[in-house]
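Notes to accompany the following structure.
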Amino acid sequence: MLVNTQYFREEALRFIKDGTYCRYPKGSYPHKEYWVEQNRRCIEGYTVGDLYIPGAYYFYLNFSPILAKNEKTGRKQQEFARFTDVDLEYFLIVEKARKEKKGVILLKPRRTGFSFKNSRLCVHEYNFYKDSKCIIAAQQNQLSTYTMNMALEGLNFLDKNTEWKKQRNPDTKDFVKARYKETKDGVEVWKGNNSEIFTLTFKDNPMAAIGKSANIFLFEEGGKFDNLIQSYNISEPCWRDGEDMIGVPIVYGTGGDMEKSTRDFAEMFYNPEKYNL
């Protein structure tokens, strides 16, 4: 049984109490030291006692409020996620997949927050890894837009409340890139992290991702893809560099909410080795 899990979300609890993460004055050595340590935990993970959580899960718990039910008011509002064994298992699976150079396929129940979790995986990648690229793809445009909106909310929270703020250009509802212009010797040059998050729609076009690259490639609501296997196979070079895996494809769908496209999803789910999942 997991106990004392509040020690993994102390930064979130401090923010709830104080409305800020760091009590030290900006520019001071303790302020800089605090953010260096948080940066390390978000990348390397965090261990308390004999329990380890991945960096992406630490980031999700402490720096990524989501829309959730407030237990006192009964209303939905921005809340920090609670520590759950299901979420821990999921983030560990994604980390394991990256290490073993595989993808992930997930059949999930309704309303369990996996779109939030996956959107925050994209925000984590965007924020901590230069030149990273995340693709949020779906058969229907509104599904990829839904998850992209969650990612944008996560980025806006970081810009407002942390030292990880990044200028974006472009900054649209379907494509963001961490960069800004600077003038050097009279010439405008692009600078910044150069990380990206953008959406794709595969409706009537299984080749939508050709020529692109992805460190995380989300296939949103895979059970609604009528061309899932074809789209997945054609997109495979996006997360590969030759024989080497450079990214993690994540295919997920909702049980009880699948249409005629269930056949492709079921084929991949029950034969994961065939698709390196």
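The values are calculated or read from the model by the stated rules, or taken from the named source; none is laboratory data. Because the structure is a prediction, the values reported are computed rather than measured. Quick reminder, even Gly has a Cβ in these numbers, built from the backbone with ideal geometry, and neighbours come from all protein chains shown. For the accessible areas, the whole protein counts, side chains as well, though only heavy atoms, and no ligand, DNA or RNA atoms are used. Shrake-Rupley method; radii C 1.70, N 1.55, O 1.52, S 1.80 Å.
See the values below:
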| item | result |
| --- | --- |
| Highest-first arrangement of 66-75, 103-112, where packing means the average Cβ count within 10 Å | 103-112, 66-75 |
| Cβ-placed point charges (K, R +1; D, E -1), dipole of the chain about Cα centre in debye, nearest 20 | 760 debye |
| Between helix 114-128 and the chain: long-axis angle, C-alpha atoms, 0 to 90°, nearest 10 | 60 degrees |
| The chain - accessible surface per residue (Å², probe 1.4 Å) | 52 Å² |
| Scattering profile of the range 142-196 at q = 0.24 Å⁻¹ [log10 I(q)/I(0), Debye over alpha-carbon scatterers] | -0.95 |
| Burial order of peptide ranges 147-154, 177-184, 127-134 (average beta-carbon count within 10 Å, highest first) | 147-154, 127-134, 177-184 |
| Global geometry of the range 200-262, whether rounded, prolate or oblate, following the gyration tensor of its Cα atoms and the 1.5 cut on a/c | prolate |
| Relative contact order computed over the chain (Cα-Cα under 8 Å; 6+ residues apart), in percent | 18 percent |
| Contact order normalised by residue count of the range 134-277, Cα under 8 Å, 6+ apart, percent | 24 percent |
| Correct choice for Rg/Rh (Cα atoms, Kirkwood Rh) that was computed from the model, options [x] 0.95; [y] 0.97; [z] 1.11 | [y] |
| Nearest-20 debye value, the range 9-55 charge dipole, Cβ charges on Lys, Arg, Asp, Glu | 220 debye |
| Isotropically averaged projected area of the range 95-240, using the convex hull of Cα atoms (one quarter of hull area), nm² | 10.2 nm² |
| On Cα atoms only, tilt of 141-161 relative to the major axis of the chain in degrees | 10 degrees |
| Three-way shape label, the range 44-111, alpha-carbon gyration tensor, a/c 1.5 | oblate |
| Under 14 Å, Cβ to Cβ, from residue 210 - net charge with Lys/Arg +1 and Asp/Glu -1 | +1 |
| Charge dipole of the chain about the Cα centre (unit charges at C-beta), most positive-ward option of 269, 148, 231 | 148 |
| Shape call, the range 1-128: gyration tensor on alpha carbons, a/c limit 1.5 | oblate |
| Those Cys residues of the chain for which no other cysteine Cβ falls under 4.7 Å | 22, 42, 238 |
| Ellipticity estimate at 222 nm from DSSP helix runs (n ≥ 4, -39,500 (n - 2.57)) divided over the chain, nearest 500 | -12000 deg cm²/dmol |
| Charge tally in the Cβ shell below 13 Å around residue 120, where Lys, Arg are +1 and Asp, Glu are -1, residue 120 excluded | -2 |
| Hits among lysines - C-alpha to C-alpha of residue 274 under 17 Å, sequence gap 8 or more where chains match | 101, 102 |
| Between 0 and 90°, nearest 10: helix 85-100 axis offset from the chain longest Cα axis | 70 degrees |
